[in-house]
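Reading through the structure tokens given below for one structure.
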Amino acid sequence: MSTELMSVNDLGRIAKAFALSNLFGFKNETEAFALMCIAQANGLHPAKAAERYHIIQGRPAMKSEAMLSAFQESGGAVKWIKRTDTECKLWLSHPQGGELEVTWNMERAQKAGLGTKDNWKKFPAQMLAARCVSEGVRALFPACLCGMYTPEEVADFSKAPSVEQTEAEVVEEQPAQPQAPANPKAAKKEIDEETKQFMDGMKGLWTQAPEIYKSTMDEFGFKSANNVPPERRGEVFNTIVANISKAAQHQSAPTADEQTDNGEVDNSLF
């Protein structure tokens, strides 16, 4: 499914409305904005972010039911063979990946060092099922995951990624004939808000697909989001979104976890 690209400002307004509504589980406006950027990069309407994604320990994650939905929409078929508190077994089939049966039980979870965690004690069936879904879909047709993990998997990661906060540089255009605005504080606040929305959006794209983000920024000749002048922000942002969307049609976009062997994220690009 494709949709018309929204501007950074439009995404910001939608994110603010969603966060203020308290209806969709977003903790704040920034979180909503980042997930909406990811949804748009994957060819979905930004509002779909509420249905598909979570932020867990600072990482974007795709809900397991959204994974199954995307898998089935792409031509896949699934059947639960067993789903209990001690074992889950899922059969999957896809025209481009063949067939696979995935089994997760508490014995396997214990060996992976997961069985003693609180969520595994309280919701064993859901945790086992999420592992079956993620493993099976990732093996047969990873393109529909866009490099993401389920919230249950992300919660089991050893630590959240180390992301440095980047201070946004506010660049104000000087008019040909300087004229003080009627309300200087309001004007500066508006500029700051636009810059913040742009930086949040770029950060969401970088988190989703670091390699595509870097290659696109290199093509434009910018080392970081701070270097992008205000008049070119829309062009740069929309180009990165389009490139991520194109890549998602062919293969799974790499996650930040997969960029280095030790799981650390290279923050120098953002």
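Determine the alpha carbon to alpha carbon distance for each of Lys27/Lys214; Lys48/Lys196; Lys16/Lys121; Lys89/Lys121; Lys82/Lys122 and list only those over 24 Å. Listed pairs above 24 Å: Lys27/Lys214; Lys16/Lys121.
Once Rg and the Kirkwood radius are both taken over the C-alpha atoms of region 4-128, their ratio Rg/Rh works out to 1.06.
Mind running the shape call on region 75-140? Use the C-alpha gyration tensor, a ≥ b ≥ c as the square roots of the eigenvalues: rounded below 1.5 for a/c, prolate if a/b tops b/c, oblate otherwise. Prolate shape, in that a/c is at least 1.5 and a/b is the bigger ratio.
Projecting the Cα atoms of Val137, Gly98, Ala109 onto the charge dipole of region 75-140 (Cβ charges, centred on the Cα centre) puts Ala109 farthest toward the positive pole.
Every read-out reported here was derived from the displayed coordinates using simple, explicitly stated rules and does not represent laboratory data. In this text, all values refer to a predicted model and were calculated from it rather than measured experimentally. Positions of Cβ are generated from backbone atoms using ideal geometry, with glycine treated the same way; all protein chains shown enter the neighbour counts.
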